[in-house]
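Reviewing the structure listed below.
The values are calculated or read from the model by the stated rules, or taken from the named source; none is laboratory data. Predicted model, so just to flag it, every value in this text is computed and none were measured. No Cβ is skipped: glycine too gets one built from the backbone with ideal geometry, and neighbour counts run over all protein chains shown.
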């Protein structure tokens, strides 16, 4: 075996998956067989090859760590290969070793599928609740809803059957609270209203002397959004989402609400969802009610406070208003007028409009 043979062997091993320390041990075993023919230059070349492989492994370890800490939720080692452009067997082996070293301290395995992990959260700070000012927002609601308390960061959920006024409620909520956050526009995410329809509704406000078009444009920014609603949420703003939808996998709506909640700091979000009149909960099922602090339903021209997490107490006799209902009317293009007092014993008669679109299960329409 010549010195060049040893160098070629070391070069091959250094570029393989063999750890650099093992390559060094093998080199020390082979070197004496050269009987002094292995010069200092040969020795430096071998050290360069081994050190280079060692540095490469160290670089991959650091790259994998930096990639992992930037991930949110579930991650897969194959995604790491692709995004960091690891293509050789040596690079992928080094990356797998790096992942293994991070297990239990930074990541943990998920499920039975090989190479799937989640990042262990260690950056969640203690909530300094004792520093809270305890100041609920001075919000106003359509239909004289005065009972709930809403704090910064809260979500309000409006579940509405077809043609029951979700958009009316959302637009009037914007009108009533347009001056609450000074120098801030209300962010209104619209799914289905055309430009002409928005213009008609705002014109109706103006004709009744309630809201000028120029003021609406100055106070509200309307965006056409049909997916990824959380990307457009203003963390310190009043956000209105009219409405969340998911045709193929409606259970995901609960996750969408959570992602919107994650974006909020001092802002709030009013989120509308469709509701099948024959089902208890809005589209997405019971899970959509986990995060919101106020849940309202609109059905058969009856508004109901489905769940009120926090409410105003003016005397020791005040109770949680959850379950209160009242009828309402919807004349014109924007009005919602109470038609009776709040009650928990309202005799509800089914409205004919609930069957208005019978036979069109895939068609959604908002009044």
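For residue 133, are the conditions met, namely being modelled with pLDDT of 85 or more, assigned to a loop (DSSP other than H, G, I, E, B) and either touching a strand residue (DSSP E or B) at 6+ places or on another chain (Cβ under 8 Å) or exposed (fewer than 14 other Cβ atoms within 10 Å of the Cβ) (or both)?
When the stated conditions are applied, residue 133 does not pass them.
Would a scan of region 246-253 turn up a residue that is closer than 16 Å to residue 174 by Cβ and surrounded by 13 or more Cβ atoms within 10 Å (Cβ to Cβ)?
no
Does at least one position in region 282-293 carry a residue that is in contact with a strand residue (DSSP E or B) (Cβ under 8 Å, 6 or more places away or on another chain) and either at pLDDT below 90 or outside the structural domain of residue 165 (by TED's automatic domain parsing) (or both)?
No; the residues of region 282-293 include none that is in contact with a strand residue (DSSP E or B) (Cβ under 8 Å, 6 or more places away or on another chain) and either at pLDDT below 90 or outside the structural domain of residue 165 (by TED's automatic domain parsing) (or both).
Could you grab me the full set of residues in region 139-155 that are surrounded by 21 or more Cβ atoms within 10 Å (Cβ to Cβ) and not in a loop (DSSP other than H, G, I, E, B)?
Hits for region 139-155 are 142, 148, 155.
Take the residues of region 310-328 that are touching a residue at least 24 places away in the same chain (Cβ under 8 Å) and part of a loop (DSSP other than H, G, I, E, B): which is surrounded by the fewest Cβ atoms within 10 Å (Cβ to Cβ)?
312
Restrict the check to region 198-210 and report whether at least one residue is assigned to a helix (DSSP H, G or I) and within 28 Å of the chain's Cα centre (by Cα).
yes
Any residue in region 228-239 that is in contact (Cβ under 8 Å) with a residue 60 or more places away in the chain, crowded, with 18+ Cβ neighbours inside 10 Å and over 24 Å from residue 151 (Cα atoms)?
no
When you scan region 288-301, do you find a residue that is in a loop (DSSP other than H, G, I, E, B), surrounded by fewer than 15 Cβ atoms within 10 Å (Cβ to Cβ) and at negative phi, even just one?
For region 288-301, residues in a loop (DSSP other than H, G, I, E, B), surrounded by fewer than 15 Cβ atoms within 10 Å (Cβ to Cβ) and at negative phi: present.
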